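Take a look at the structure set out below.
The values are calculated or read from the model by the stated rules, or taken from the named source; none is laboratory data. Bear in mind the structure is a predicted one, so any value in this text is a computation, not a measurement. Cβ coordinates were reconstructed from backbone atoms using ideal geometry, including for glycine residues, and neighbour counts include every protein chain displayed. Surface areas here come from the heavy atoms of the whole protein model, side chains and all, with no ligands, DNA or RNA. Shrake-Rupley method; radii C 1.70, N 1.55, O 1.52, S 1.80 Å.
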Amino acid sequence: MPAIQKPMRYGHTEGHTDVSFDDSGSCIVTCGSDGDVRIWEDLDDDDPKSINVGEKAYSCALKKGKLVTAVSNNTVQVHTFPEGIPDGILTRFTTNANHVIFNGDGAKIAAGSSDFIVKVVEVMDSSQQKTLRGHDAPVLSLSFDPKDIFLASASCDGCVKVWQISDQTCAVSWPLLQKCNDMINAKSICRLAWQPKSGKLLAIPVEKSVKLYRRETWNNQFDLSDKFISQTLNIVTWSPCGQYLAAGSINGLIIVWNVETKECLERVKHEKGYAICGLAWHPTCSRIAYTDAEGYLGLLESVCEPNGKKSSSKVSSGVEEDYNNLFDGDDASNAADFLDDGAFETPSFSKGVVSDNEGDEDFMLASSRSRRRSHMLEDDENSVDVALPKMGSGLLKEEEEDDQADHIRNLSVVASQRPFYDGPMPTPRQKPFQSGSTPLHLTHRFMMWNSVGIIRCYNDEQDNAIDVEFHDTSIHHATHLSNTLNYTAADLSQEAILLACESTDELASKLHCLHFSSWDSNKEWMVDMPANEDIEALCLGQGWAAAATSASLLRLFTIGGVQREVFSLPGPVVAMAGHGEQLVITYHRGTGFDGDQCLGVQLLEVGKKKKQILHADPLPLSRKSHLMWLGFSAEGTPCYVDSEGIVRMLNRGLGNTWTPVCNTQEHCKGKSDHYWVVGVHENLQQLRCIPCKGSRFPPTLPRPAVAILPFKLPYCQTATEKGQMEEEFWRSVMFHNYLDYLAKNDYEYEESIKDQATREQQELLLKMLALSCKLEREFRCMELADLMTQNALNLAIKYASGSRKIILAQRLSELAMEKAAELAAAQEEEEEREEAFRGKPNTSYSKTASEWSQSRLGSQVEEEAEAEDSGEADEVEETTNLRKQGQNSFSQSTNSSDVPTVKSGAVTSSHQGRANPFKVMANSKEPAISTNIAHSTNILDNMHKSSKKSIALSRAASNEKSPVIKPLIPKPKSKQVSAASFFQKATSQAGKTDEAKEDSAKKSSSETPAVSPQNSESKRPTTGFQMWLEENRSSILSDNPDFSDEAEIIKEGMLRFRVLPAEERKAWTDRAKGGPARDGAEVKAQKRPLDESNESESQREKTKEKVNLPKKRKPLDRSTNQKLSAFAFKQE
């Protein structure tokens, strides 16, 4: 099994970096171009100790409590380790030093500079210096001979030299490298290395191979290479035992060879292909730390096992001593430590040595995450013969014998034939975390930062406490809590504070809630989890709390402490969040590979209507990333952020899919900078986050400042005008989908927000249509028109006509007719549902007088609607219903036809009784056309005006000043429907109309005279257009003898009627009204019984004016636009 590559993490700003281990291997030390030396306890250490040594640090070395750094002020400095206290300057150069190293015992350091000089300095007495001169270009790297006799150096002059330290002379020089004038221009930094302990071989990375030269003879013994090496090697390092050699290339490839067999044991590719410029082998374990040229730190674990592996996990204690002989003579102590395998986490499938008699067994030292260094090697039935390790020992000592070639040949013969696994590697599972919190190991950390407030935890020698701060102090004052139970997770809402702690040997895991919004005196409750069950994640909602445990259970509680439902999670929880009645949970669906996490997500509603929205769907993440934040927007839409900085949001308008809405990394100034998300606002289209310089998490002090980032959908060619408008349009659509969700779930919201969004969207559509017209993309214009509302479509027809796009204008008109047909069908269906709703009253439901009046009036309006079912077809085209896109705010109203609402209609019930939601929707479909108001040609202005009416209606229920049943006041249906019904030859709905009228008559009070179906048919109400059309039918037919269809006659009549002067059309309308007393009677039927027949005529006139009052507010927009489009068609 290959080495385990842990996810890389940020270490320093981009630039050259160096890495090393301390003597015990307990710390990783790195330096970088930011001038800092960082001490990492582990790769997961999110708060490493940082020591600033200068403006830039080019190299660092660590030995016996001394930290030596080569910095940009041309000095080599010493600091104490790990305190980081400055301890003087060892030496100076005229330019910066490029590399610094310790010798074996830590008594000397060697430094090479860009001024072509190499210096060897005593650490305890810096006056004892030796200067090595001979290079003709900056020195790249150095390496001490383990026996302190020689020093190897590589330079930009292309030469690798070996110096004799005692007399400061050059023993040998090899012209191996490409020449350059400075280190930053060097193709390779050529970090060479001597073999540990014996120092018999010197490894030099040259182009795509590693050349090994034998000590003293300085002959090129052999080369190590691999077919997967495609770029120049940059650095080499030996394992502490001297058996293995690791090399890193400039394209991020790390190769590990067995020097004895020349076999390649490991091949690991950098996550992003950056150049490897730092490589260090752990002193005792099979770990390699590496850094790249962009400042990132990585770690390889279980790189390769020591030689002499076997299939058993236990080896006889009797052969432990013989295992030590596998290493060179004085390596015994290190070999013993190495075999204790304290840091081996997973077994590695690497080739080993097998016996000729036992070809199926190889010596593989098994390991696991749970093993400790203190485990001793024990005997078992699979133990191997002592003679076999002794044979390997003889092979390893071949460097001191003359038959080296024979032993290597024998070793290759007995090599294991097990194939080398090079497939995808499983990714370690992400641990559970609390969104909005910083890592748990920090002494001062954020336990929660959300839109309600901040929870800080202080756990140091002075104090162990929790501070709670609210953004809005009117919710609650700041609170200070003791942290005696060591709470590790927290959440905060406008109702409560929720805390959780892990279990100990004595105490169970606890869930602690401070319900500060409670009206009683007991504001706290606590629940103990069952044995062996720890809380791993928690969240708060409106009236409930939830906790996910290590037993893959999710436990629901009321905010007062009553236990609710308990259900099993599909996998180990990762994070969860709550908002209102919604609960979102992420968990592990399985094991990911090659750095990818395999996560799933569930979205539930846990209020009164319990249902599951997302059923264990996969959670999309960027490649090789993990989840960083999970939560809801302020408006209630689920969102999350991954480690690549991609923010994704649930798109309810596209089947609950996830859409990326922002890339925070695009706003970072440096590659090491990140943004820590704390909130999402859809209405304002703002992403609220904290900028973190060189880190992923903010510190608690000083208080971080919140930045606001804009959203941007990843559309193509957003630099062009077309791509920019497309992105703006769909972003507006997506970020206002929450209004439909709120309306569907009967939440309150301001309809002006929907109106403003619709207005912006229609403006963008018209601009895109105009741009497409200029580019002669008429088919594209039709696609855009399909997204428009009726008013915007009329403007599109006008624009096409003015642009002399006659074919386009004609097709747009046909599209308007199709949409009108869809509107009529939808309206008819809703009216049928309404009739069915009224026809089946609940026997246990007692109607009030107001509700009976509504039912009777609704029947009368239904009667008129049936009488006006087919009429001015062209005007019906103008009332296009875009409910499919959820954008038509012009055709949905609760007051008059020009007041927009959300398509699903948040219907507010009356205080007098239960209002009919279908009636509101039916009235909302009425077209807004009036013939007795001033002309208005700007449709966008009409959108703005209608929004004010919507606000007034939306606040009616809360203010209790205007009754909700006001929209149900009967009034004549639109002229389109009236004309369509008047000229309809065959009415298939006649039977339904008669039944509806009979039901309506039965529901009316005894004082109200019933209208029989026969009288209704003979006294069908007419409009001014109908009367005008009857008198001018002959004229239309004489001018157009080819008209055979009634619809063509109606269409031509509508065009002629619209061009009449306003006074004449008003006269025809007044003639059609004929008996206004009928409308007044209908109004009186709603307000008072009909037997009050002695009502004065003036009161009747006032009632009539009230009925006609909404008509005066209807814009003439559509009529004016139809004139213009008709004018364009007549010019043909």
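Does residue 720 qualify as being over 24 Å from residue 649 (Cα atoms) and open to solvent by 20 Å² or more (accessible area, probe 1.4 Å)?
On the way: over 24 Å from residue 649 (Cα atoms): yes; open to solvent by 20 Å² or more (accessible area, probe 1.4 Å): yes.
So residue 720 passes the test.
Out of 836, 824, 820, I need the residue that is over 30 Å from residue 780 (Cβ atoms), of a type in the set (A, V, I, L, M), within 50 Å of the chain's Cα centre (by Cα) and modelled with pLDDT of 70 or more. Which one?
Testing whether each residue is over 30 Å from residue 780 (Cβ atoms), of a type in the set (A, V, I, L, M), within 50 Å of the chain's Cα centre (by Cα) and modelled with pLDDT of 70 or more leaves just 836.
Considering each of 592, 580 in turn, give the residue that is open to solvent by less than 30 Å² (accessible area, probe 1.4 Å), at positive phi and in contact (Cβ under 8 Å) with a residue 24 or more places away in the chain. Write out each step before concluding.
On the way: 592 fails: at positive phi.
None of the other options fit; the residue is 580.
For every residue, the table says whether it meets (1) closer than 16 Å to residue 450 by Cβ; (2) outside any loop (DSSP other than H, G, I, E, B); (3) among the polar types (S, T, N, Q); (4) out of contact with any strand residue (DSSP E or B) (no Cβ under 6 Å at 6 or more places or on another chain).
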position	(1), (2), (3), (4)
517	no, no, yes, yes
522	no, no, yes, yes
542	yes, no, yes, yes
548	no, yes, no, no
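Results for (1) without any contact (Cβ under 8 Å) to a residue 24 or more places away in the chain; (2) over 30 Å from residue 272 (Cβ atoms); (3) surrounded by fewer than 20 Cβ atoms within 10 Å (Cβ to Cβ); (4) of a type in the set (A, V, I, L, M), shown as yes or no for each residue.
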residue	(1), (2), (3), (4)
566	yes, yes, yes, yes
570	no, yes, yes, no
585	no, yes, no, yes
596	no, no, yes, no
599	no, no, no, yes
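May I ask you to list the residues in the range 654-670 that are outside any helix (DSSP H, G or I), touching a residue at least 12 places away in the same chain (Cβ under 8 Å) and exposed (fewer than 15 other Cβ atoms within 10 Å of the Cβ)? Before the answer, list the steps.
Filtering the range 654-670 for residues outside any helix (DSSP H, G or I) gives 655-663, 668-670.
So of that shortlist, the ones also touching a residue at least 12 places away in the same chain (Cβ under 8 Å) come out as 656, 658-663, 668, 670.
Answer for the range 654-670, where residues must be outside any helix (DSSP H, G or I), touching a residue at least 12 places away in the same chain (Cβ under 8 Å) and exposed (fewer than 15 other Cβ atoms within 10 Å of the Cβ): 656, 670.
With the structure loaded, tell me whether residue 500 is under 30 Å from the mean Cα position of the chain (by Cα) and either of a type in the set (Gly, Ala, Ser) or open to solvent by 70 Å² or more (accessible area, probe 1.4 Å) (or both) or whether it fails that test. Please lay out each step first, then the result.
Values: under 30 Å from the mean Cα position of the chain (by Cα): yes; either of a type in the set (Gly, Ala, Ser) or open to solvent by 70 Å² or more (accessible area, probe 1.4 Å) (or both): yes.
When the stated conditions are applied, residue 500 passes them.
Within the range 5-24, restricting attention to residues that are within 30 Å of residue 592 (Cα to Cα) and open to solvent by less than 20 Å² (accessible area, probe 1.4 Å), which residue is farthest from the chain's Cα centre (by Cα)?
19
Return the pair list, or none, for Cβ contacts closer than 7 Å from residues in the range 817-829 that are without any contact (Cβ under 8 Å) to a residue 12 or more places away in the chain and on the phi > 0 side of the Ramachandran plot to residues that are surrounded by fewer than 16 Cβ atoms within 10 Å (Cβ to Cβ) and in a helix (DSSP H, G or I), at least 6 apart or on different chains.
Here the result reads none, with nothing in the range 817-829 linked to a residue that is surrounded by fewer than 16 Cβ atoms within 10 Å (Cβ to Cβ) and in a helix (DSSP H, G or I).
Looking at the range 32-60, which of its residues are aromatic (Phe, Trp, Tyr) and within 15 Å of residue 696 (Cβ to Cβ)? Write out each step before concluding.
Step one: filter the range 32-60 for residues aromatic (Phe, Trp, Tyr), giving 40, 58.
Hit for the range 32-60 is 40, nothing else.
Quick one: which of 167, 105, 157, 115 is over 53 Å from the mean Cα position of the chain (by Cα) and part of a loop (DSSP other than H, G, I, E, B)?
Details: 105 fails: over 53 Å from the mean Cα position of the chain (by Cα); 157 fails: over 53 Å from the mean Cα position of the chain (by Cα); 115 fails: over 53 Å from the mean Cα position of the chain (by Cα).
Residue meeting the stated conditions: 167.
Condition first: among the polar types (S, T, N, Q) and crowded, with 24+ Cβ neighbours inside 10 Å. Now tell me which residues in the range 277-302 satisfy that. Walk me through it before giving the result.
Applying the first criterion (among the polar types (S, T, N, Q)) to the range 277-302 yields 284, 286, 291, 302.
Once the filter is applied, which keeps residues that are among the polar types (S, T, N, Q) and crowded, with 24+ Cβ neighbours inside 10 Å, the range 277-302 yields 286, 291.
Looking at 142, 151, which one is in contact with a Ser or Thr (Cβ under 6 Å, 6 or more places away or on another chain), aliphatic (A, V, I, L, M) and surrounded by 22 or more Cβ atoms within 10 Å (Cβ to Cβ)? Outline the logic, then answer.
Working: 151 fails: in contact with a Ser or Thr (Cβ under 6 Å, 6 or more places away or on another chain).
Answer to the check: 142.
Taking the options 49, 56, 119, name whichever one is charged (D, E, K, R), in contact with a Ser or Thr (Cβ under 9 Å, 6 or more places away or on another chain) and open to solvent by 50 Å² or more (accessible area, probe 1.4 Å). So that I can check it myself, show each step before the final result.
Details: 49 fails: in contact with a Ser or Thr (Cβ under 9 Å, 6 or more places away or on another chain); 119 fails: open to solvent by 50 Å² or more (accessible area, probe 1.4 Å).
Among 49, 56, 119, only 56 is charged (D, E, K, R), in contact with a Ser or Thr (Cβ under 9 Å, 6 or more places away or on another chain) and open to solvent by 50 Å² or more (accessible area, probe 1.4 Å).
Show the residue pairs that are 6+ apart or on different chains and have beta-carbon atoms under 8 Å apart, the first residue being within the range 1066-1078 and under 10 Å from residue 1025 (Cα atoms) and open to solvent by less than 60 Å² (accessible area, probe 1.4 Å), the second being of a type in the set (Ser, Thr, Tyr) and modelled with pLDDT of 50 or more.
That search, which allows pairs on different chains as well, returns 1069/1023; 1072/1022; 1072/1023.
Restricting to the range 70-102, count the residues that are open to solvent by 10 Å² or more (accessible area, probe 1.4 Å) and either under 22 Å from residue 154 (Cα atoms) or touching a residue at least 12 places away in the same chain (Cβ under 8 Å) (or both). Steps first, please.
Residues of the range 70-102 that are open to solvent by 10 Å² or more (accessible area, probe 1.4 Å), as a first pass: 72-74, 77, 80-90, 92-96, 99, 101-102.
Of the ones still in play, those that are also either under 22 Å from residue 154 (Cα atoms) or touching a residue at least 12 places away in the same chain (Cβ under 8 Å) (or both) are 72-74, 77, 80-82, 84, 87-90, 92-96, 99, 101-102.
Total meeting the criteria: 20.
Can you tell which of 481, 499 is under 26 Å from residue 629 (Cβ atoms) and at pLDDT 95 or above?
Details: 481 fails: at pLDDT 95 or above.
None of the other options fit; the residue is 499.
Those residues that are in a strand (DSSP E or B), β-branched (Val, Ile, Thr) and touching a residue at least 40 places away in the same chain (Cβ under 8 Å), I need them from the range 601-629; list them, please.
Of all residues in the range 601-629, those in a strand (DSSP E or B) come to 601-605, 611-618, 627-629.
With the extra rule that they be β-branched (Val, Ile, Thr), the set shrinks to 601, 613.
Hit for the range 601-629 is 613, nothing else.
Hey, can you tell me all the residues within the range 671-684 that are surrounded by fewer than 18 Cβ atoms within 10 Å (Cβ to Cβ) and either part of a loop (DSSP other than H, G, I, E, B) or touching a Gly at 6+ places or on another chain (Cβ under 6 Å) (or both)? Talk me through it step by step, then tell me what you get.
Taking the range 671-684 first, the residues surrounded by fewer than 18 Cβ atoms within 10 Å (Cβ to Cβ) are 671, 681, 683-684.
Listed by number, the residues that qualify are 671, 683, 684.
Can you tell me which residue among 197, 208, 179 is touching a helix residue (DSSP H, G or I) at 6+ places or on another chain (Cβ under 6 Å) and either buried (at least 20 other Cβ atoms within 10 Å of the Cβ) or touching a residue at least 24 places away in the same chain (Cβ under 8 Å) (or both)?
On the way: 208 fails: touching a helix residue (DSSP H, G or I) at 6+ places or on another chain (Cβ under 6 Å); 179 fails: touching a helix residue (DSSP H, G or I) at 6+ places or on another chain (Cβ under 6 Å).
197 is the lone residue from the list that is touching a helix residue (DSSP H, G or I) at 6+ places or on another chain (Cβ under 6 Å) and either buried (at least 20 other Cβ atoms within 10 Å of the Cβ) or touching a residue at least 24 places away in the same chain (Cβ under 8 Å) (or both).
Those residues that are surrounded by 12 or more Cβ atoms within 10 Å (Cβ to Cβ) and closer than 30 Å to residue 534 by Cβ, I need them from the range 471-487; list them, please.
If the condition is that a residue be surrounded by 12 or more Cβ atoms within 10 Å (Cβ to Cβ) and closer than 30 Å to residue 534 by Cβ, then 476, 479, 481, 483, 485, 486, 487 are the ones that fit.
What's the number of the condition residue 224 fails, among (1) under 24 Å from residue 97 (Cβ atoms); (2) among the aliphatic types (A, V, I, L, M); (3) in a strand (DSSP E or B)?
All conditions are met except number (1).
Would you say residue 744 is open to solvent by 50 Å² or more (accessible area, probe 1.4 Å) and touching a residue at least 24 places away in the same chain (Cβ under 8 Å)?
Numbers: open to solvent by 50 Å² or more (accessible area, probe 1.4 Å): yes; touching a residue at least 24 places away in the same chain (Cβ under 8 Å): yes.
Judged against the criteria, residue 744 is a match.
Quick one: is residue 709 within 16 Å of the chain's Cα centre (by Cα) and under 28 Å from residue 439 (Cα atoms)? Working first, answer last.
Working: within 16 Å of the chain's Cα centre (by Cα): yes; under 28 Å from residue 439 (Cα atoms): yes.
Yes.
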